[in-house]
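A short write-up of the structure that comes next.
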Amino acid sequence: MKILVTNDDGFYARGLWLLARELSKVGDVVIVAPDREQSAVASSMTLHHPLRVRKVRSALEGVPSYSVEGTPSDCVILALGRILTEKVDLVFSGINEGANLGDDVLLSGTVGAALQGYFKGIPSVAISVGAIKDIHFEVAAKLAGVLARKIGDIPREVLLNVNLPNLPLDKIKGIEVTKLGRRSFGDKVVEGNDGKREYYWIVRGEPQWQPSEGTDVKAFIEDKISITPLYTDLTSASALAKLKKLPRELLDNLK
């Protein structure tokens, strides 16, 4: 099995290497990751300047490793389109420092990278731990290995977004398959001056939770692992019926 591993925390992030080490017990792993942190870049691609790729001496024997001057999505696109000549069977993105729950998935570079594998019809997994220090990466890495061994059970029409509470295994209260909840941040804009001109800094505020039943947010709050199947149809089924009369009204107003 050929497994592509990437992330959005950057090539030297500890979670990336622990993930690759565990997955190398399951298949042939190749790392293609951003040369620096690329959090919150979603599925953005670099189109306005060339991308440079550097083959780097790997910290894991037998695991080829490449550093990319680009986004997480760039990494997967380059890996599947140019760097790797063999068929890739599985894409893993992570292990991310910080959870990617609810509305966060639309901003997450971790999920954005996994999306590129999904777009190519490859089973893909984004995996995150809900902390930014003293992180229990080992539990997430072990879970990734278990999921990789069950590749045949991952539907091709979805990608899996996996979030773990930052707890040792004996403190985790279960695993749930969930839907996306609502979790957003009260972003603030901080203004400053560097002596030459004004600048603005976007600062993430405290998360605002809506822990509805069956959601990833509720599972996370209850110290459970959430596995959420995602797909890219963002159409609102409930709004389709409500908007049925809108085209005629718009057309009438255009005349």
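The values are calculated or read from the model by the stated rules, or taken from the named source; none is laboratory data. Just so you know, these numbers come straight off a predicted model, no measurement behind them. All Cβ positions, glycine included, derive from the backbone under ideal geometry; neighbour counts span all protein chains shown. For the accessible areas, the whole protein counts, side chains as well, though only heavy atoms, and no ligand, DNA or RNA atoms are used. Shrake-Rupley method; radii C 1.70, N 1.55, O 1.52, S 1.80 Å.
Okay, helix-only estimate at 222 nm for the chain: each DSSP H run of n ≥ 4 adds -39500 (n - 2.57), divide by all residues, round to 500 deg cm²/dmol; what do you get? Walk me through the intermediate numbers first.
Working: 7 runs with 62 residues, N = 255.
Only helices count here, giving -7000 deg cm²/dmol.
If you consider only alpha-carbon coordinates, what radius of gyration and Dmax does the chain have, in Å?
19.8, 69
What list of ³J(HN,Hα) couplings, whole Hz, do you get for region 163-170 from phi and the Karplus terms 6.51, -1.76, 1.60, once you set θ to phi - 60° and write x for glycine and proline?
10, 10, x, 7, 9, x, 4, 6
How far, in degrees from 0 to 90, does helix 109-119 lean away from the longest principal axis of the Cα atoms of the chain, to the nearest 10?
90 degrees
Got the relative contact order for the chain handy, in percent, Cα pairs under 8 Å and 6 or more residues apart? Spell out each step's value before the answer.
Details: 567 pairs, mean separation 43.9, N = 255.
Contact order relative to length: 17 percent.
Less than 25 Å apart at the alpha-carbon level, and either on another chain or at least 8 residues along: which lysines does that give for residue 245?
255
Give me the dipole magnitude in Debye, nearest 20, for the chain about the Cα centre, with unit charges on the beta carbon: positive for Lys and Arg, negative for Asp and Glu. Could you put the intermediate results ahead of the total?
On the way: 33 positive and 32 negative charges, 110 e Å.
So the dipole magnitude of the chain works out to roughly 520 debye.
Among the listed pairs 2/171; 120/173; 133/188, which have their C-alpha atoms separated by more than 29 angstrom in this model? Can you show the working numbers first?
Working: 2/171 33 Å; 120/173 34 Å; 133/188 23 Å.
Pairs exceeding the cut-off: 2/171; 120/173.
Using a cut-off of 9 Å between beta-carbons, work out the net charge of the residues near residue 33 (Lys and Arg +1, Asp and Glu -1, residue 33 not included). Mind dumping the intermediate values first?
On the way: positive: none; negative: 8, 9, 35.
After counting each charged neighbour, the total is -3.
Which percent, to the nearest 5, of DSSP beta bridges fully inside the chain are antiparallel? Could you put the intermediate results ahead of the total?
On the way: 19 of 45 bridges.
Once the DSSP bridges in the chain are tallied, antiparallel ones form about 40 percent.
How much of the accessible area of the chain, in percent, comes from carbon and sulfur atoms when a 1.4 Å probe is used?
Details: 7600 of 14340 Å².
Carbon with sulfur: 53 percent of the solvent-accessible area.
Cα axis of helix 137-149 to longest principal axis of the chain: angle in degrees, 0 to 90, nearest 10?
Around 90 degrees separate the two axes.
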